[in-house]
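Dropping a structure here in structure tokens format, bear with me for questions.
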Amino acid sequence: MNKARRNPLNTAAAHAILLTYTLIALFPVFVIVINSFKTRKAIFREPLALPSPETFSTIGYETVFKQGDFFLYFQNSMIVTVCSLFLVLLFGAMAAFALAEYRFKGNTLMGLYLALGIMIPIRIGTVAILEMMVATGLVNTLLALILVYTAQGLPLAVFILSEFMKQVSDDLKNAGRIDGLSEYTIFFRLVVPLVRPAMATVAVFNMIPIWNDLWFPLILAPAEATKTLTLGSQVFIGQFVTDWNAVLSALSMAILPVMILYVIFSRQLIRGITSGAVK
Amino acid sequence: MAEQRSSRLRWHIVVFLAPAVIVYTAVMIFPLFNTLRLALYTEVEQQRVFVGLQNFYTLFGDAIWSEQFWNALGNNFWFFFIHMIVQNPIGVLLAAILSHPRLRFAHLYRSAIFIPTILSFVIVGFAWKLILSPIWGIAPSMLDAVGLKSLYAPWLGKEEYALTTLALVSVWQFVGIPMMLIYAALLSIPEEILEAGECDGITGMAAFWKIKLPLILPSIGIISILTFVGNFNAFDLIYAAQGALAGPDFSTDILGTFLYRTFFGFQLQLGDPHMGSAIATAMFVIILIGVCIYLFGIQTRLRRYQF
């Protein structure tokens, strides 16, 4: 591999392959976004051209704002994602601390029980989940989604966080105990701040699947008032399938929030994956 | 370790564990087993009646049901097969190139290639549907530019191509994950091992095949099982691109869309939670078999190296 370091031909080939794949990865996003700013005619005549002063148009966005309640959908998605992440992190860290810190009967068994959900997707239980939500009157509420995503996120969160909590120094915790701190204070004041990077990783891992999920919003909360952005854009695009301006604009608007989140958190996400949190 | 050897119940452990265990049990584990149980019931005159394995006899014995089930299962296996033969090699190739030391712009490439993975299926499904559409003509005109226009077909609309096309779209979306995991595995190979290889004259491609590839096999195993589980409960992409009917003529129907149609109903067919549970049970068994094959058949045979 030292050879490759010095060989300019190899380096050029490496860049060529990576560049080609980067183009393949970004091309669809690029095409959607540039065409969302063009007139209908220009979309069809020159789909690959950038919008020029003559072809620039925001008619698609106007339709989207008039017809769809995207701010409400966005707000719903935000509430669901933020609340679920908060609960996953809080409950996950607490359980992980209990498993990593204390020896008690059934510790290993409890760990295995919580780890079951890593491999078995929660969607298998959809029929009974819906029945339960109907029985408890939680259908078409955001709370139903929050509960489902919290349950979905917990297994991996407990697994990753307990690995990290085992590394927190015992001396520190014992010093706290000698000073008379309660177990709760030790957890919230000493341990949580130390595993904050791991918690950020867990948050980023969970954030994308929750934000993008279509299955549970479709089944548990399809009402207009509780639609998430993903479901809302799916329904909207389905209705306006022949209005290309509106469809392209709706797609661009659905891409935007995720891209912003990605730009903010990409470092954390990539560090999380490559640091071997999911070995 | 806090080893308070007192025999009394330590309440803080209960308090720490309770919220996670309660939510997880109530919303995940209990419904999972309840769904398996519901598969043994059916509804007669709005009363739930225990019928044993009747739903499974219908699912596998009734021609209409079994045809749909085997079609969905077969499609699902093809979907998975395409992922395995396309996604993994591309992921390994990109990761191998990215892990070269001193490659410039590596983090830029990495972030850009990961972008499709963060987009929702709805965006990906519609975006590719538009791009491949014969009405818009981006795909045909681009093929025309390289002289391959004759190869173009409305891929998503043709029974013989639609499923493969969607599988490739899904690969396009998720290639970032194998790339990252393998990249991480490659970075964790100690330099000394590679140097030892170099002393024995193993460099370049040979070093990759003989040293690195065997060392990243456990990562490839994990990616395979993650892909398997993901593919066998996939739904969103097919639903976003082709609708609940998984057209044309059910050629893109996989277990997830089949479950949705059965459970929730569509057009004239009424939803049937009990048949839905039976299908969910079948999916559960398939995923369980896959996970067991991985855990007991593959993972134990892959040697893990600790550095």
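A short reminder: the numbers here are calculations on the coordinates, not readings from a lab. What you see is a predicted model, and the numbers here were worked out from it, not measured in a lab. When we count neighbours, we look across all protein chains shown, and the Cβ atoms used for this are built from the backbone with ideal geometry, even at glycine.
For chain A, take N as its residue count and report Rg(C-alpha) divided by 2.2 N^0.38 Å.
Ratio of Cα Rg to 2.2 N^0.38 Å: 1.27.
Based on the mean of other Cβ atoms within 10 Å per residue, sort peptides B:204-216, B:170-182 so the most packed one is first.
B:170-182, B:204-216
Below 8 Å between Cα atoms, with a sequence gap of 6+, how large is the relative contact order for chain B in percent? Walk me through the numbers on the way to the answer.
Values: 318 pairs, mean separation 76.1, N = 307.
Relative contact order of chain B: 25 percent.
How many angstrom separate the Cα center of segment B:221-257 from the Cα center of segment B:162-192?
19
Arrange the following residues from fewest to most other Cβ atoms within 10 Å of their Cβ: A:Lys66, A:Lys41. Provide the component values of the computation, followed by the final result.
Numbers: A:Lys66 8, A:Lys41 11.
The order, fewest Cβ neighbours first, is A:Lys66, A:Lys41.
Viscosity 1.306 mPa s, temperature 10 °C: give me the Stokes-Einstein translational D for the protein assembly as shown in µm²/s, with Rh taken as the Kirkwood radius over C-alpha pairs.
Numbers: Rh = 25.9 Å.
This corresponds to a translational diffusion coefficient of 61 µm²/s.
Order of A:Tyr149, B:Tyr57 from fewest to most other C-beta atoms within 10 Å?
Details: A:Tyr149 25, B:Tyr57 14.
By the 10 Å Cβ count, ascending: B:Tyr57, A:Tyr149.
For segment A:84-189, divide the Cα radius of gyration by the Kirkwood radius and give the resulting Rg/Rh value with two decimals.
On the way: Rg = 16.7 Å, Rh = 15.5 Å.
Across segment A:84-189, the Cα-based Rg/Rh ratio is 1.08.
Karplus couplings for segment B:243-255 from phi (6.51 cos²θ - 1.76 cosθ + 1.60, θ = phi - 60°), rounded to Hz, Gly and Pro as x?
Those phi angles translate into x, 5, 7, 6, x, x, 6, 6, 6, 10, 5, 10, 4 Hz.
Here is a further query. Using Cα springs under 10 Å in a Gaussian network model of chain B, which residue among B:Ala162, B:Ala63, B:Ala246 shows the largest mean-square fluctuation?
Among B:Ala162, B:Ala63, B:Ala246, the largest mean-square fluctuation in the Gaussian network model of chain B belongs to B:Ala63.
Right, here's the next one. Can you put A:Cys83, B:Cys199 in order, fewest other beta carbons within 10 Å first?
Least to most surrounded, the residues fall as B:Cys199, A:Cys83.
Could you calculate, for chain B, the ratio of the Cα radius of gyration to the Kirkwood radius, expressed as Rg to Rh?
Using Cα coordinates only, the ratio equals 1.06.
Right, another one. Taking beta carbons within 10 Å but only from partner chains, what does the mean come to for residues A:205-216?
Working: counts 0, 0, 1, 4, 2, 0, 2, 9, 3, 9, 9, 0.
Mean inter-chain Cβ contacts per residue within 10 Å come to 3.
Further, regarding this structure: If I model a spin label as a point 7 Å beyond the Cα along the Cα-Cβ vector, how far apart are those points for A:Leu26 and A:Gln239 in nm?
Between A:Leu26 and A:Gln239, the label points sit 3.5 nm apart.
With n ≥ 4 as the cut-off for DSSP H runs, can you work out [θ] at 222 nm for chain B, using -39500 (n - 2.57) per run divided by the number of residues, rounded to the nearest 500? Mind showing how you got there, number by number?
Working: 16 runs with 193 residues, N = 307.
One gets -19500 deg cm²/dmol as the mean residue ellipticity at 222 nm.
Related question: P(r) tail for segment A:215-279, what percent of Cα pairs lie past 17 Å? Please list the in-between numbers first.
Details: 1216 of 2080 pairs.
Roughly 58 percent, once rounded to a whole number.
I've got another one for you. Once phi is turned into ³J(HN,Hα) by the Karplus curve 6.51 cos²θ - 1.76 cosθ + 1.60 with θ = phi - 60°, what whole-Hz value does each residue of segment B:41-46 show in order, with x for glycine and proline?
10, 8, 10, 10, 6, 6
Gap in Å between the Cα centre of segment B:93-144 and the Cα centre of segment A:18-97?
15
I need the shape label for segment A:41-101. Rule: rounded when a/c is under 1.5, else prolate if a/b > b/c, else oblate, with a, b, c from the alpha carbon gyration tensor. Don't skip to the end; give the middle numbers.
On the way: a/c = 6.73, a/b = 2.89, b/c = 2.33.
Prolate, since a/c reaches 1.5 and a/b exceeds b/c.
For segment B:173-229, what class follows from the C-alpha gyration tensor (a ≥ b ≥ c being the square roots of its eigenvalues): rounded when a/c is under 1.5, otherwise prolate if a/b is larger than b/c, else oblate?
Details: a/c = 2.77, a/b = 2.63, b/c = 1.05.
It comes out prolate by the Cα gyration axes.
May I ask for the distance between the Cα centers of segment A:140-163 and segment B:13-78, given as a whole number of Å?
21
Just how many pairs of Lys in the protein assembly as shown have C-alpha atoms closer than 23 Å, counting pairs that are eight or more places apart or on different chains?
Pairs that pass both the separation and distance tests number 15.
Averaged across B:186-193, how many Cβ atoms of other chains sit within 10 Å of each residue's Cβ atom?
Numbers: counts 1, 3, 4, 0, 0, 1, 0, 0.
Counting Cβ atoms of other protein chains within 10 Å of each residue's Cβ and averaging gives 1.
State, to one decimal in nm, how far the label point of A:Ala175 lies from the label point of B:Leu151, with both points 7 Å from Cα in the Cβ direction.
Placing both labels 7 Å beyond Cα along the Cβ direction yields 6.5 nm.
Helix check for chain A. Which DSSP H runs span at least 27 Å along their own axis by Cα, with a mean Kyte-Doolittle hydropathy no less than 1.6?
Working: long enough: A:8-35 (38 Å, 1.69); A:70-101 (45 Å, 1.80); A:142-165 (31 Å, 1.88); A:244-274 (40 Å, 1.38).
Helices passing the filter in chain A: A:8-35, A:70-101, A:142-165.
What number results when the radius of gyration of segment B:1-142, computed over Cα atoms, is divided by 2.2 N^0.38 Å?
Working: Rg = 25.9 Å, N = 142, 2.2 N^0.38 = 14.5 Å.
Normalised Rg, Cα atoms only: 1.79.
In peptide A:93-104, what is the residue-averaged number of other protein chain Cβ atoms found within 10 Å of each Cβ? The partial results should precede the final answer.
On the way: counts 2, 7, 8, 3, 4, 10, 4, 1, 5, 9, 6, 5.
Taking the mean over all residues of the peptide, I get 5.
Would you mind classifying segment A:2-62 by shape? Square roots of the alpha carbon gyration tensor eigenvalues, ordered a ≥ b ≥ c; an a/c under 1.5 is rounded, otherwise it is prolate if a/b is larger than b/c and oblate if not. Write down the numbers at each step before the final one.
Values: a/c = 4.80, a/b = 3.89, b/c = 1.23.
It comes out prolate by the Cα gyration axes.
Across segment B:47-52, in residue order, what do the Karplus-derived ³J(HN,Hα) couplings come to in whole Hz, using 6.51 cos²θ - 1.76 cosθ + 1.60 with θ = phi - 60° and x for Gly and Pro?
So the Karplus estimates, Gly and Pro as x, are 10, 7, 10, 6, 10, x Hz.
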